[in-house]
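The values are calculated or read from the model by the stated rules, or taken from the named source; none is laboratory data. All values reported here derive from a predicted model rather than from experimental measurement. Glycine also receives a Cβ, built like all others from the backbone with ideal geometry; neighbour counts cover every protein chain displayed. Note: areas computed on protein heavy atoms with side chains; ligands, DNA, RNA excluded. Shrake-Rupley method; radii C 1.70, N 1.55, O 1.52, S 1.80 Å.
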Amino acid sequence: MRQSRARAEESRLDAERRLKYLGAARISLDVLRLYWDGTNVRREPSRQHVEILLGCFHKEGCHRLELYNHVPAKISRDCLASALRDSSVSAHQLLNDLPELTFPDDYKLDYLHGLHRIEAAREFLSETDKWWTVDLYLSDLDINLETCLIEEYSNEEKPTDGEIYRKIRQYKDNFIFRQRWKARLKGTRAENMVTLLRNEEWTEAFDSLLPIYGLWDGLRLTTLHKIMPMRCPELIMNYLERMKKFYSDLVEGDEHAMQKIDPTTVKAIELRAPRSSTRDARFLYSEIHGGRIFSAFSDPEREEIWRRLQMFEGLVPSWYTFFRDVLYLELLTNSVRRLTQVPKDKSLIEALRKRFTGANQEDGLIRIQTEDAFVYRKGNRADQIDYGIRQLFAFAMREYPSMPREPEKENLVQKPRAHAVPAVLRCLADLASELGFKSDEIEAMQKLGTDARQTYPQSSPILVTSGPGVALADRCGTPRVQSHETDRNLLFVDNLHDTRQDEGDGITSFFVRKSVYLAFFGRPSGTGN
């Protein structure tokens with residue numbers, strides 16, 4: 001049935017194409033303008049892609065007459081008749097030869113795809129030879145045929161995972177077009193996309209970010225297979241909601257304005273900390289007021305965006321930072337999952353809540369671990385559970401190198417496998433018990449190692465530094481060994497929840513860990529906060 005539907009649609013589009021096709025002509029590059037429907041951000045050329053094509057032109061020549069290098073364009077009957085008359089060209093020649101068409105100096109012909117080859121040609125061709133071969137179609141194209149012409153890709157550019165996801169969701173009610181975009185995915189990427197689209201909760205969360213056009217270059221389908229097995233949808237959703245709120249707040253929730261945030265802008269602002277790092281603030285101020293980012297906005301709009309940007313606490317998120325930070329979260333969940341079995345229909349967080357008994361707790365108080373003792377704060381049972389789970393993950397942040405996930409297969413060869421340190425597992429289990437959790441796994445782990453409570457040296461976290469601080473590349477993902485050792489003794493919830501806002505030239509590695517923690521967990525909202 002699917003095949004018959006595809007054949008029928010292809011036949012209909014082919015008939016429409018033959019009906020609306022007018023012929024081909026040589027047309028000046030000065031006349032050509034990339035078509036824009038006014039709904040999304042104007043597509044800007046990628047310098048990298050233009051450079052690649054320029055290299056091909058210099059090496060192989062510029063083959064404008066080859067059919068696969070033509071660009072399609074729309075033109076009205078009246079404009080075509082005028083151009084044919086002014087150029088002394090007949091409609092028959094347009095279909096059988098390759099005549100040159102001339103247009104008035106102020107006329108612009110909208111071409112539908114081929115942006116990078118046109119931009120490369122503008123730079124490569126001499127002033128007396130700046131033309132391209134254009135396939136002309138009547139402007140009253142069927143919307144499906146117009147879409148096909150726009151989305152026909154040559155070898156000049158491969159669509160990103162994000163663009164493919166956006167198109168699949170755009171055509172969720174159009175089977176043929178949806179399948180065409182799905183067909184661009186192969187292997188693991190295709191499998192991960194199918195898994196994602198089957199999960200309504202995940203798809204809804206991803207779709208909420210669709211208006212933010214510039215984000216989507218950072219989507220990585222190859223990492224999706226790590227997210228769902230973690231069974232921590234609450235933490236993932238927190239991160240995605242934080243991302244949506246950040247970009248939405250920049251433009252006061254205006255979805256049309258969100259579409260004007262382009263990939264260049266997202267790349268420039270991601271992982272920056274403009275509220276805390278004066279170095280980051282200076283860079284972003286220069287880029288914004290120089291019009292190099294948020295370029296689709298007016299000067300007053302950019303000034304307002306800059307004001308809002310300075311108010312953001314933490315590191316600017318993006319799809320890129322999300323997929324890097326998920327790899328860190330995976331290490332933490334591998335540690336915490338040792339405390340309980342997770343039923344197939346439950347998340348890790350839900351399973352831990354079920355394991356909370358209230359043992360070792362006092363009514364109306366939350367038990368909070370510090371470097372060398374427990375302290376108490378006011379809070380109800382819901383707060384005890386919430387803070388308890390947060391503290392188990394904070395323990396994992398400190399000790400995950402000593403609690404690697406145990407291999408699931410027997411008789412592994414070649415690679416040496418690391419096992420968890422029994423004493424550390426004992427400390428995790430003891431902490432879980434002290435915080436009111438009980439399970440068979442916890443009781444079994446309490447029989448490991450010796451009964452010795454783990455303590456840490458007391459020190460105060462530093463958020464900013466007078467030097468450049470942590471480099472952008474190290475502001476997401478799994479921390480480096482030295483950074484982890486530096487911050488390990490500081491990773492307690494009181495420090496992670498601290499609302500202090502310091503300002504310095506650069507940010508510290510603890511600032512990064514705190515920002516990543518808050519991205520996944522947020523701040524506590526209960527009475528204990």
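Taking segment 163-217 as the region of interest, how many residues are more than 24 Å from Lys267 (Cβ to Cβ), among the hydroxyl-bearing types (Ser, Thr, Tyr) and either open to solvent by 20 Å² or more (accessible area, probe 1.4 Å) or in a loop (DSSP other than H, G, I, E, B) (or both)?
3
Name the pairs whose Cβ atoms lie under 6 Å apart, with the first residue in segment 150-167 and basic (Lys, Arg), the second modelled with pLDDT of 90 or more, and 6 or more positions between them or separate chains?
Listed pairs, sorted by first residue: Arg166/Trp216.
Condition first: modelled with pLDDT of 95 or more and farther than 24 Å from Met403 by Cβ. Can you find one or more residues in segment 475-494 that meet it?
For segment 475-494, residues modelled with pLDDT of 95 or more and farther than 24 Å from Met403 by Cβ: present.
Could you tell me which of the residues Arg308, Arg231, Arg242 is in contact (Cβ under 8 Å) with a residue 40 or more places away in the chain, open to solvent by 50 Å² or more (accessible area, probe 1.4 Å) and within 14 Å of the chain's Cα centre (by Cα)?
Arg242
What about Ser286, is it of a type outside the set (A, V, I, L, M) and either closer than 25 Å to Val512 by Cβ or surrounded by 22 or more Cβ atoms within 10 Å (Cβ to Cβ) (or both)?
Yes: the conditions hold for Ser286.
Output the residue which, of all residues in segment 71-108 that are assigned to a helix (DSSP H, G or I) and open to solvent by 90 Å² or more (accessible area, probe 1.4 Å), is nearest to Leu145 (Cα to Cα).
Only one residue fits best here, namely Arg77.
Considering only segment 327-343, I want to know if a residue exists there that is in contact with a helix residue (DSSP H, G or I) (Cβ under 6 Å, 6 or more places away or on another chain), over 18 Å from Arg390 (Cα atoms), open to solvent by 20 Å² or more (accessible area, probe 1.4 Å) and modelled with pLDDT of 95 or more.
no
Can you name the number of the only condition in (1) crowded, with 19+ Cβ neighbours inside 10 Å; (2) farther than 30 Å from Gln179 by Cβ; (3) among the charged types (D, E, K, R) that Glu146 fails?
Here Glu146 meets the rest and fails (2).
Could you tell me which residue of segment 387-445 is modelled with the lowest pLDDT, considering only residues that are buried (at least 18 other Cβ atoms within 10 Å of the Cβ) and assigned to a loop (DSSP other than H, G, I, E, B)?
Ala420
Taking Tyr153 as meeting all but one of (1) modelled with pLDDT under 90; (2) surrounded by 13 or more Cβ atoms within 10 Å (Cβ to Cβ); (3) closer than 30 Å to Gly55 by Cβ, write down the number of the exception.
(2)
Given (1) open to solvent by 70 Å² or more (accessible area, probe 1.4 Å); (2) closer than 30 Å to Leu435 by Cα, where does Leu348 come up short, assuming only one miss?
Unmet for Leu348, out of (1) open to solvent by 70 Å² or more (accessible area, probe 1.4 Å); (2) closer than 30 Å to Leu435 by Cα: (1).
Just the residues that are surrounded by 11 or more Cβ atoms within 10 Å (Cβ to Cβ) and either out of contact with any Cys (no Cβ under 9 Å at 6 or more places or on another chain) or aromatic (Phe, Trp, Tyr) (or both), please, taken from segment 58-70.
Listed by number, the residues that qualify are His63, Arg64, Leu65, His70.
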